[in-house]
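Peer 1: Let me begin by handing over the structure; questions about it come next.
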Amino acid sequence: MDPMVAPAVPSVGVPRWTPLAQTGLAPFGRPRASVGGKFLTSDRKMYIRGVTYGAFRPDADGNEYYDLDTIDRDFAQMAANNINTVRIPHTTPPRSLLDAAHRHGLWVMVGLSAEQYLGFVIDKRRDFDPERELRERVRRCAGHPALLAYSLGNEIQAHVARWYGHRRVERYLERLYHVVKKEDPEGLVTYVNYPSTEYLELPFLDFLCYNVYLERHADLKAYIARLQNIAADRPLMLTEIGLDALRNGEAPQARSLDWQIRTAFAGGCAGVFVFSWTDEWHRAGAQVDDWAFGITDCERRPKPALAAVRKAFIEAPFRDLSWPRISVVVCTYNGSRTIRDSLEGLEKVDYPNFETIVVDDGSTDHTADIVGEYDVRLIRTENRGLSNARNEGLAAATGEIIAYLDDDAYPDPHWLKYLGATFAATSHAGVGGPNIAPSGGGQIADCVANAPGGPIHVLISDREAEHIPGCNMAFRKTCLEAIGGFDPQFRVAGDDVDMCWRLQERGWTLGFHSAAMVWHHRRNSVRAYWKQQRGYGMAEGLLKRKWPEKYNGTGQLSWAGRIYSRGLTRSLDFRRGRIYHGTWGAAPFQRLYQRGTSTLYSLPLIPEWYLAIPLLAALAVLGLLWKPLLLAVPLLVVATLAPMVQAWMSTSQACFPSAFSARRQQLRRFALRLLTALLHVLHPVARLRGRLLAGSCAVPRGIRPCFPRSRALAQWTERGEAPDERLRRVEQALRFQGATVRRGSAWDPWDLEVVCGALGAARLIVAVEDHGAGNQLVRSRWWPSVSATGLTATIGFGALAVAAGFDGGPFVAEILGTAAALVGLRAVCQCGVAAAVIKRAVGEQLLGAQ
């Protein structure tokens with residue numbers, strides 16, 4: 001029996017329908033269902049194990065659910081078979097059905113049939129008001145203790161949605177969503193979609209539902225992973241799965257439902273509805289008798305599928321496995337404010353074989369005292385930074401899997417099972433999951449949760465990651481030991497990114513599971529957010545020095561995968577993605593493909609954009625002395641407004657938990673959205689501040705710059721060696737000198753680049769001529785490379801200085817000329833240092849190894 005649902009009350013003694021209040025049966029006292037991250041909760045986390053019920057032949061008055069004795073017997077049989085939820089897909093049920101469900105401890109998902117009204121909207125009929133009809137339907141069910149959620153509709157047909165236009169369908173559903181919320185503010189609202197209209201973007205829904213019929217295990221597993229990424233931080237339910245026993249046989253139906261249910265729950269679904277409870281099914285004025293999807297027949301006699309469904313539901317979300325031992329490592333520094341939540345969350349974890357290790361990295365508050373209250377292993381060290389603390393946990397761990405959890409995060413009860421199952425089923429070196437902001441953190445924490453800069457995951461595919469964030473990441477211990485653990489130079493942040501790249505450099509892969517979730521507290525003040533983002537900017541500077549090839553020409557980190565985060569700032573590209581409909585709209589899977597963002601529209605997103613604002617402001621001030629520079633004023637306005645417009649656009653779908661009355665919600669939302677937009681603007685400024693403090697390039701000490709010009713050397717050697725080995729030794733020598741070295745890509749006409757600043761670098765190319773018997777002629781050439789920024793600034797300031805000098809602005813000409821000279825000299829100096837570094841390395845490695 002499901003521990004989340006009280007035992008069913010027998011229907012004996014209630015031969016005919018009687019209102020709940022007159023039965024003498026005590027109602028089940030449980031809170032209303034609510035969303036808790038990727039799952040639903042009532043008094044605790046629950047998995048929805050449901051069946052669809054209906055449609056049935058209506059009586060003479062059009063009432064579909066009129067046979068209350070049959071309903072009562074059906075519900076009793078459902079509860080006895082570990083079913084805890086009934087879905088009414090096509091007709092809003094009477095309140096008497098909800099009462100019957102409540103007596104047997106069942107939840108009910110109520111269908112509101114909004115898909116039936118879309119034609120009235122298309123035809124602009126004034127004799128029917130869908131919103132009024134919806135209000136009346138909601139009033140029948142609002143506040144009932146058996147109500148799980150409202151479904152706005154079920155599968156708006158693909159050709160109708162295409163004819164009507166996806167945006168109008170989305171607005172139609174959103175309008176009806178708010179109608180339901182106004183009548184029942186605490187009620188959960190969803191819409192049952194299906195693959196043929198997967199492209200509908202419905203971010204306002206409380207959770208996502210899809211009807212999915214896939215008859216191959218691999219296809220269903222892959223599609224659930226895709227739907228989980230569409231759902232993002234919200235729960236995902238499969239509201240119809242099944243197989244026709246008439247065409248396939250009852251035994252294959254039972255086997256199919258068994259693996260479909262297990263695959264759905266293992267894939268992190270919050271619930272599953274089997275289609276359907278019975279073979280009795282009525283549609284469009286006739287009884288349907290040419291299929292048998294029911295798990296009971298028309299007489300409610302069980303099929304083999306019912307036993308299979310019952311067993312799969314009992315064992316959900318996982319059957320017993322040989323679970324790997326996991327060591328959970330919590331690293332903390334002055335984490336007394338939140339670490340109690342972490343430890344209490346770990347006490348509730350449902351996993352048979354794990355240990356908890358807390359590494360206190362020299363805390364000066366009461367963290368150690370709090371940790372001492374729990375049955376965990378505590379390791380205390382002096383303050384040496386986050387990476388060292390994680391390495392201490394790695395050395396002390398006894399598990400074959402090391403799972404890292406931040407001291408301001410706490411796990412879902414099934415966190416380790418989803419991680420462990422993923423490791424058991426794959427060869428991934430590491431696995432991560434989402435981190436979701438818990439409710440109750442305060443208004444500013446709500447804004448920070450919708451702002452950029454939070455811990456994010458980057459996915460190459462729906463199940464393979466490029467990066468998993470440090471607050472929720474797990475690795476095989478052997479893989480961590482093979483690469484020497486975490487890099488100690490990352491004291492505050494950036495160690496997780498570096499670790500992921502190092503593992504992938506070895507040829508290993510990273511996995512991602514959408515249900516391996518943790519709750520992660522966000523910063524609850526603007527000052528704390530600024531400090532966090534500045535620290536992340538400093539970590540980015542360290543990463544750029546160690547991994548320059550991971551950064552593009554504008555100096556920004558270039559991910560190969562897709563970034564998933566609530567707080568991403570949108571570019572100013574207003575173009576929407578294209579929808580794949582198939583020829584004549586007949587594709588069974590119709591998807592939205594996002595367009596690539598152009599560099600022009602993305603420029604205001606980079607932190608360096610904010611350096612242009614004071615520069616343009618200075619030119620505008622100089623315009624008071626030399627009028628042509630007043631042209632900088634409109635550019636200054638554009639440069640200033642562009643990030644603000646982006647920030648406001650990016651907060652359009654921000655979600656803030658309600659804390660005020662309905663009358664004040666609109667004003668509150670506007671104020672919180674305004675603050676969130678401010679955080680979008682502050683984020684790149686804080687990152688830029690951190691980068692400037694850390695520096696993004698390592699400049700070797702003790703190197704005297706040489707004159708930056710192209711140089712070439714050729715040297716005969718009798719010690720043959722492959723060109724890539726020679727280049728690898730040169731690269732190692734450059735890094736040993738402390739230089740920031742970047743390898744040329746598959747499209748670059750050079751091999752190595754030494755970067756000594758934002759303005760100047762030097763590039764090297766090597767060619768090796770083989771002359772037999774190990775004899776080789778090694779040719780090397782290097783030349784300076786001035787960045788586009790340095791070149792543009794030097795020429796631009798110089799041209800303006802000349803123009804001002806000829807136009808009677810000598811003072812302005814002196815200022816601009818000085819600026820051009822300073823930028824030019826700085827670029828020349830950086831190029832000279834880079835060239836000198838290359839010259840030394842080439843002499844030591846290419847020419848010295850003879």
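The values are calculated or read from the model by the stated rules, or taken from the named source; none is laboratory data. These numbers come from a predicted model, not from an experiment. No Cβ is skipped: glycine too gets one built from the backbone with ideal geometry, and neighbour counts run over all protein chains shown. For the accessible areas, the whole protein counts, side chains as well, though only heavy atoms, and no ligand, DNA or RNA atoms are used. Shrake-Rupley method; radii C 1.70, N 1.55, O 1.52, S 1.80 Å.
Peer 1: Taking the residues in the stretch 574-598 that are within 30 Å of residue 753 (Cβ to Cβ) and open to solvent by less than 70 Å² (accessible area, probe 1.4 Å) as candidates, determine which candidate is modelled with the lowest pLDDT.
Peer 2: Taking the stretch 574-598 as the starting set, the residues that turn out to be within 30 Å of residue 753 (Cβ to Cβ) are 596-598.
From the residues that got through so far, the ones that are open to solvent by less than 70 Å² (accessible area, probe 1.4 Å) too are 596, 598.
Numbers: 596: 63, 598: 60.
My answer is 598.
Peer 1: Could you tell me whether the stretch 808-830 includes any residue that is assigned to a helix (DSSP H, G or I), modelled with pLDDT under 90 and surrounded by fewer than 21 Cβ atoms within 10 Å (Cβ to Cβ)?
Peer 2: Checked against the condition, which is being assigned to a helix (DSSP H, G or I), modelled with pLDDT under 90 and surrounded by fewer than 21 Cβ atoms within 10 Å (Cβ to Cβ), the stretch 808-830 yields at least one hit.
Peer 1: Looking only at the stretch 95-133, which residues are at pLDDT below 90 and open to solvent by less than 30 Å² (accessible area, probe 1.4 Å)?
Peer 2: 113, 114, 117, 118, 130
Peer 1: Considering (1) open to solvent by 20 Å² or more (accessible area, probe 1.4 Å); (2) within 19 Å of residue 710 (Cα to Cα); (3) not aromatic (Phe, Trp, Tyr), say which one residue 835 fails and leave the rest.
Peer 2: (1)
Peer 1: Within the stretch 270-278, identify whether any single residue is more than 30 Å from residue 37 (Cβ to Cβ) and either crowded, with 22+ Cβ neighbours inside 10 Å or modelled with pLDDT of 95 or more (or both), and answer yes or no.
Peer 2: yes
Peer 1: Still on this structure: I'm trying to understand the selection: among the residues of the stretch 412-426, which are crowded, with 22+ Cβ neighbours inside 10 Å and part of a loop (DSSP other than H, G, I, E, B)?
Peer 2: 412, 414
Peer 1: Six or more apart or on different chains, Cβ atoms under 6 Å: show the pairs whose first residue is in the stretch 123-134 and of a type in the set (Phe, Trp, Tyr) and whose second is at pLDDT 75 or above and assigned to a loop (DSSP other than H, G, I, E, B).
Peer 2: Close Cβ pairs satisfying both conditions: none exist.
Peer 1: Turning to a different aspect of this structure: Within the stretch 754-781, track down each residue that is in contact with a helix residue (DSSP H, G or I) (Cβ under 8 Å, 6 or more places away or on another chain) and among the aliphatic types (A, V, I, L, M).
Peer 2: 754, 755, 758, 759, 761, 762, 764, 766, 767, 768, 778
Peer 1: Kindly provide the set of residues from the stretch 775-790 that are over 12 Å from residue 761 (Cα atoms) and either in a strand (DSSP E or B) or touching a Lys or Arg at 6+ places or on another chain (Cβ under 7 Å) (or both), ordered by number.
Peer 2: Matches in the stretch 775-790: 776, 777, 778, 779, 780, 781.
Peer 1: Can you tell me which residue within the stretch 778-796, out of those that are of a type in the set (A, V, I, L, M, F, W, C) and within 14 Å of residue 842 (Cα to Cα), is most open to solvent (accessible area, probe 1.4 Å)?
Peer 2: So, considering only residues that are of a type in the set (A, V, I, L, M, F, W, C) and within 14 Å of residue 842 (Cα to Cα), the one most open to solvent (accessible area, probe 1.4 Å) is 783.
Peer 1: To continue, here is another question. Find all pairs meeting these conditions: Cβ atoms under 9 angstrom apart; at least six residues apart or on different chains; first residue within the stretch 746-757 and free of Cβ contacts under 8 Å to residues at least 40 places away in the same chain and part of a loop (DSSP other than H, G, I, E, B); second residue open to solvent by 20 Å² or more (accessible area, probe 1.4 Å) and aromatic (Phe, Trp, Tyr).
Peer 2: If the second residue must be open to solvent by 20 Å² or more (accessible area, probe 1.4 Å) and aromatic (Phe, Trp, Tyr), the pairs left are 750/783.
Peer 1: Checking residue 241 against (1) open to solvent by 10 Å² or more (accessible area, probe 1.4 Å); (2) more than 22 Å from the chain's Cα centre (by Cα), which single condition isn't satisfied?
Peer 2: With respect to (1) open to solvent by 10 Å² or more (accessible area, probe 1.4 Å); (2) more than 22 Å from the chain's Cα centre (by Cα), residue 241 is out only on (1).
Peer 1: What about residue 324, is it in contact with a His (Cβ under 7 Å, 6 or more places away or on another chain) and closer than 24 Å to residue 430 by Cα?
Peer 2: Values: in contact with a His (Cβ under 7 Å, 6 or more places away or on another chain): no; closer than 24 Å to residue 430 by Cα: yes.
No.
Peer 1: Could you tell me which residue of the stretch 139-156 is farthest from residue 41 (Cα to Cα), considering only residues that are surrounded by fewer than 22 Cβ atoms within 10 Å (Cβ to Cβ) and touching a helix residue (DSSP H, G or I) at 6+ places or on another chain (Cβ under 8 Å)?
Peer 2: Of everything passing the filter in the stretch 139-156, 155 is farthest from residue 41 (Cα to Cα).
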